[in-house]
1. Determine whether the range 81-94 contains at least one residue that is in contact (Cβ under 8 Å) with a residue 60 or more places away in the chain and outside any helix (DSSP H, G or I).
2. State yes or no: is residue 61 within 15 Å of the chain's Cα centre (by Cα) and within 20 Å of residue 158 (Cβ to Cβ)?
3. Restricting attention to the range 25-53, which residues are under 13 Å from residue 76 (Cβ atoms) and touching a strand residue (DSSP E or B) at 6+ places or on another chain (Cβ under 9 Å)?
4. Which residues, counting only those in the range 129-169, are over 19 Å from residue 86 (Cα atoms), in contact (Cβ under 8 Å) with a residue 24 or more places away in the chain and more than 16 Å from the chain's Cα centre (by Cα)?
5. Within the range 66-78, does at least one residue satisfy the condition of being at pLDDT 95 or above and assigned to a loop (DSSP other than H, G, I, E, B)?
6. Which ones in the range 16-58 are farther than 19 Å from residue 160 by Cα, modelled with pLDDT of 85 or more and in a helix (DSSP H, G or I)?
7. Which residue out of 70, 114 is more than 18 Å from residue 6 (Cα to Cα) and surrounded by 16 or more Cβ atoms within 10 Å (Cβ to Cβ)?
8. Of all residues being touching a strand residue (DSSP E or B) at 6+ places or on another chain (Cβ under 7 Å) and in a helix (DSSP H, G or I) in the range 116-151, which is farthest from residue 98 (Cα to Cα)? Just the residue, please.
């Protein structure tokens, strides 16, 4: 099944997604965020925590080319998470201050390819952040990110067979 797991920061969404595939053989864990590199101890600690929870039999791929990772996976895939993927796309494309139409068009190109690849996958769990339930961001970059991630989440949900929302460690099937 194609399942989207959505939730806020520290909601338990990643642990839930990992638990869904824990018993599956040959899982590929795709990390589309920046790798731990020593420049941000807080980020490095999060990456280490995620790695410590995963079974040693899982392969880890660090890439923003999600369609390529999906195509090359011989088995189930866990992508964690679309929020870090979007940040990487926005950084690479210098989209933080671009006009909204330009940012949207650039993200849509990547999103079209991702949704096409997801549609062909029998077993994939995708984790993403819910950013539309909180406060309105004070800065333009936060508004741009929130709006684009909302679009990403809607599109991926549309090609998913199930969406689960995690709030305070509790899972709601939508």
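1. Yes - at least one qualifying residue is present in the range 81-94.
2. no
3. 26, 27, 28, 29, 30
4. Matches in the range 129-169: 161, 167, 168, 169.
5. Among the residues of the range 66-78, at least one is at pLDDT 95 or above and assigned to a loop (DSSP other than H, G, I, E, B), which makes the answer yes.
6. none
7. Result: 70 is the single residue among 70, 114 that is more than 18 Å from residue 6 (Cα to Cα) and surrounded by 16 or more Cβ atoms within 10 Å (Cβ to Cβ).
8. Residue satisfying both the conditions and the ranking: 118.
The values are calculated or read from the model by the stated rules, or taken from the named source; none is laboratory data. Because the structure is predicted, anything quoted here is derived from the model rather than measured. As a convention, Cβ positions derive from the backbone with ideal geometry for all residues, glycine included, and neighbour counts pool all protein chains shown.
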